[in-house]
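Read-outs: derived from the displayed coordinates by stated rules, not from any lab. All values derive from a computational prediction rather than experimental measurement. Heads up, the Cβs are rebuilt from the backbone with ideal geometry, glycines too, and the neighbour counts pull from every protein chain shown.
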Amino acid sequence: IVDGFVDHWLVAGPRAVPVPDLEGLDGVERERLDLARRFRSPQLEIQEPPIELGTFQLDDTHYTWRYVRCGVDHVVDRSAIYPAAHHLTSWAYAELAVPGAQEVTCILATHGPTDVWVNGVHVHRQEHMVDGDPERVSFAVALQEGPNEILVRFAQVAVRACPYAMGLQVLG
């Protein structure tokens, strides 16, 4: 934790699925959000525990967990340019150790739809689609004494230049 932000993550992805006939959606956030909802799985697709350089497979593709240290902006940045439209999904994992059980407030900053699991339990879903600064949404989470596993699945619909980042601040 750096100034309340989780700055050290294991990150996998993005999973980039081509989406045909999307050229007319350039910048239309509502239509991009509707499209992202079609790709959402209510379940966490990953069964293997996240370990650095460990892999997991979805469909015919293998994804590798890599260590990422956030910069001064405290976000995992996956922004890129995609010549053709794609639905993107990335995963970020961290362990947060606390001295005693407690309820904290988390502030999650993302550009697109995001799900959060703590200790294997789904605790938060946010749905938005923004092209500027990541949108910040707060939610409460009960942490147990000792290590707590946090897994964030964040998505975006890329049409050419694509802002795509995630940051998590924990207050308490």
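Report the rotationally averaged projected area of the chain based on its alpha-carbon convex hull, in square nanometres. Each step should come with its number before you reach the end.
Numbers: hull surface 38.1 nm².
Taking a quarter of the hull surface, the average projection is 9.5 nm².
Given the -39500 (n - 2.57) contribution per DSSP H run of 4+ residues, what per-residue ellipticity at 222 nm results for the chain, rounded to the nearest 500 deg cm²/dmol?
Working: 1 runs with 11 residues, N = 172.
About -2000 deg cm²/dmol.
Among V104, S79, V2, whose Cα sits farthest toward the positive end of the charge dipole of the chain (+1 at Cβ of Lys/Arg, -1 at Cβ of Asp/Glu, about the Cα centre)?
With unit charges placed on the Cβ atoms, the residue in question is S79.
Run the simple label-point estimate for V98 and R136 please: 7 Å along Cα→C-beta, distance reported in nm.
Label-label distance for V98 and R136, simple model: 2.0 nm.
Could you give the longest part of the chain that holds none of the GluC sites (Glu not before Pro) found in DSSP loops with at most 11 neighbouring Cβ atoms within 10 Å? Write down the numbers at each step before the final one.
Numbers: sites that count: E52, E145.
So the longest stretch without any such site is 53-144.
Tell me the net charge near A16. Cut-off is 13 Å between Cβ atoms, A16 excluded, with +1 for each Lys or Arg and -1 for each Asp or Glu.
Values: positive: R15, R78; negative: D59.
Charge balance in the 13 Å sphere: +1.
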